[in-house]
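Scroll down for the structure; my scribbles are underneath it.
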């Protein structure tokens, strides 16, 4: 996420720009993105009429509209969005294009209707080399001196514009957290959708990226976690007390299976709360005869029907599914700019480990103690170095190194919930059962019979 000063602030958001700079819609566009039309320039009052006239005169069977605009009138952007939604027109931002402010709101209207009665599905394509940015509307106060009424009128207009966007939450299938982000970002700044997690959480299909080098358990779990977060955000998954955030959510008990319906797949459980957890079955397109291989999929962002060239599918135990794109297999904090291809249509595979960071990497000072039953044997100030990682096979390791003043170390290693102290099996003591006066973490070394504790502070 980048917070930047927008180039056009504040009047362009509400259409006070030069009429000569008004938005223009033309036939054709970026071939890689599959665009049949391109809308570019500042959005101004009256542009919605031009867009309607264009579609009424077009002979194309379906449309994908490429957007390249620094913003303009938010009210006009929502009107154009309504037109696109009514006609089932997906939106796209191509490589080197930008869609900011009011244009970003218009981008969210991208939707595809189906002829079989299936509910409409959002279809918003963002090239990893493009830019998509949101912020709250500004107060369009006239230049020079202004009256209290001028300020009140400007405030009313800003609130009315926000209300128009909020009113489209259900029709446009907008995520609550996306609307919150829009409202919280001041008009003097810009919130860029520039990480894997943000795009996946908000249902934005990122294309033009490299592919993961391997179909490891961890890569599949990354994709499942992002699809699960999106399902939670849109109300598809069961309510959960687990907060939605870019933190790793890896699931457990991975297995490779040959699914009768989906071919070679990866099965991972444990998404959601205990008692309501779901399992995720990831199947990769291109594994079965007649399917398009990933290298061929990379040639274009969309297929002949205008749908994204999906890389894989996550089937959930509840019966529904999410299509997956390559970017979703990368760690959540990965910048989109780091996984963009060198050119449209180029195919490359990259080791996702290049972008992986430890879940926890901290150093903490505190007090180390050793106990024999309830009798204190040793006590000194010490330093804890903690490193928590997940391997490609989805093995979790939480390593704690405690350095004493003498230079000696006590090593507590927890691997897949099984602790050891200095290489010997151990039991973690719960908060209600530590030695007297201890408020930190304690482990009973089954080999020595001693209890080691660390209390930060």
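FYI, it's all coordinate maths here, none of it is from the lab. Because the structure is a prediction, the values reported are computed rather than measured. Quick reminder, even Gly has a Cβ in these numbers, built from the backbone with ideal geometry, and neighbours come from all protein chains shown.
Any idea how far the Cα center of the range 31-99 sits from the one of the range 396-433, in Å?
58 Å
What FRET efficiency, computed as 1/(1 + (r/R0)^6) with R0 = 22 Å and r the Cβ-Cβ distance, is obtained for residue 320 and residue 259, rounded to the nearest 0.05?
Given R0 = 22 Å and the Cβ-Cβ separation, E is 0.85.
Using 0.36 nm per residue, how much length does the chain from residue 56 to residue 399 gain when fully extended, once their Cα-Cα distance is taken away?
117.1 nm
Which order do 190, 33, 438 fall in if you start with the one that has the fewest other Cβ atoms within 10 Å?
Exposure proxy ranking, most exposed first: 438, 190, 33.
Diagonalise the Cα gyration tensor of the chain and give the resulting equivalent ellipsoid semi-axes, square root of 5 times each eigenvalue, largest first, whole Å.
Three semi-axes, in Å: 49, 29, 18.
Considering Cα pairs under 8 angstrom that are at least six residues apart, work out the relative contact order of the range 363-456 and quote it in whole percent.
Relative contact order of the range 363-456: 25 percent.
Note down the nm distance, to one decimal, between modelled labels 7 Å out along Cα→Cβ at residue 416 and at residue 388.
1.9 nm
Cα axis of helix 47-57 to longest principal axis of the chain: angle in degrees, 0 to 90, nearest 10?
For 47-57 against the chain, the angle is about 80 degrees.
Express in nm, to one decimal, how much length is gained between residue 446 and residue 149 on full extension, taking 0.36 nm for each residue of separation and deducting their alpha carbon distance.
Details: separation 297, 0.36 × 297 = 106.92 nm, distance 7.65 nm.
Gain on extension, residue 446 to residue 149, equals 99.3 nm.
Show that you can apply the helix-only estimate: for the chain, add -39,500 (n - 2.57) for every DSSP H stretch of four or more residues, divide by all residues, and state [θ] at 222 nm to the nearest 500.
One gets -5500 deg cm²/dmol as the mean residue ellipticity at 222 nm.
Translational diffusion coefficient of the range 338-392 at 37 °C, 0.692 mPa s, Stokes-Einstein with Kirkwood Rh over Cα pairs, in µm²/s as a whole number.
Reported coefficient: 207 µm²/s.
Which value in nm describes the separation of the simple spin-label points at residue 177 and residue 293, placed 7 Å from the Cα toward the beta carbon?
3.7 nm
Work out how far the C-alpha atoms of the range 363-456 reach from end to end along every principal axis, then list the three figures in whole Å, largest first.
For the range 363-456, the Cα extents along the three principal axes come out at 42, 24, 22 Å.
Rounded if a/c is under 1.5, else prolate if a/b is larger than b/c, else oblate: which is the range 70-129, with a ≥ b ≥ c the root eigenvalues of its Cα gyration tensor?
Oblate is the answer for the range 70-129, as a/c is 1.5 or above yet b/c matches or exceeds a/b.
Students often check this: by mean Cβ neighbours within 10 Å, which of 44-52, 346-354 ranks highest, and how do the rest follow?
Answer by packing, highest mean first, reads 44-52, 346-354.
For the chain, what's the relative contact order in percent, using C-alpha pairs closer than 8 Å and at least 6 residues apart?
11 percent
Based on the Cβ-Cβ distance from residue 304 to residue 409, what FRET efficiency comes out when R0 is 60 Å, to the nearest 0.05?
Here the calculated transfer efficiency is 0.45.
How far is it, in nm, from the label point at residue 162 to the one at residue 273 when both lie 7 Å from their Cα along the line to the Cβ?
In this crude spin-label approximation the distance works out to 3.1 nm.
How much length is gained on full extension from residue 360 to residue 380, taking 0.36 nm per residue of separation minus their Cα-Cα distance?
4.7 nm
Quick check: the distance between the Cα centres of the range 298-347 and the range 161-221, to the nearest angstrom?
The distance from the Cα centre of the range 298-347 to that of the range 161-221 comes to 14 Å.
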